[in-house]
Amino acid sequence: MIFGQSAKVLTQEPPNESRNLLGNMAMTIKQFLSAALLTGAAVASFASPTSDFDKTIQTKKYRLGPIKSVVVQDRSAKGFGAQTACGHLAIDEKRVRFFLANAQFRSEYQYSQELQTGDCNAQAQVTFQDRRTAKVSIDNWTGWGAITARGTAYFLQCDACADILATGFPFDARKPVRP
């Protein structure tokens, strides 16, 4: 008999007070989850729509326009690596104009994937006819470069510009890409 009574106790519904308490707890949990969901949605609405990584794979473009002048402070190229010999490579106005005329905007991610640590780099200051100024940085071996204006870097790639800082560069926009 005792065994049968304990089984009966387990299958009985809880008294009304317990049912009300459970119902109130369920309602409180629902309210808490709703509030958390709304708070999360509010925070998400103020957050950036893209992650930092997504921003690196988006191509940013800068309006180039007609060039008024190109100023080169130091003609000789500098190396990315400590052992890189770049003294025989140089930048000038013709090379900067050729690079900007033939390069296509690319993403920061694409640039980082093709960056060569032993490459040489040279820089120049460009003034556009509308008085905007920007720093142009060109990597020799890869044909990559960047234009920096108002603290933002815009990455460019020019298939015809591999070895652009070399003395015998042909200035041919149809130059094939090196294998």
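Values in this text are rule-based calculations from the coordinates and carry no lab data. Everything numeric here is computed off the predicted structure, so don't read it as measured data. Cβ placement follows ideal geometry from the backbone for every residue including glycine, while neighbour counts extend to all protein chains displayed.
Set the Förster radius R0 to 22 Å, insert the Cβ-Cβ distance between Glu114 and Asp172 as r into 1/(1 + (r/R0)^6), and round the FRET efficiency to 0.05. Each step should come with its number before you reach the end.
Numbers: r = 21 Å, r/R0 = 0.97.
That gives a FRET efficiency of 0.55.
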Next on the checklist: Tell me the volume per residue, in Å³, of the convex hull enclosing the alpha carbons of segment 95-179.
Outcome noted: 102 Å³
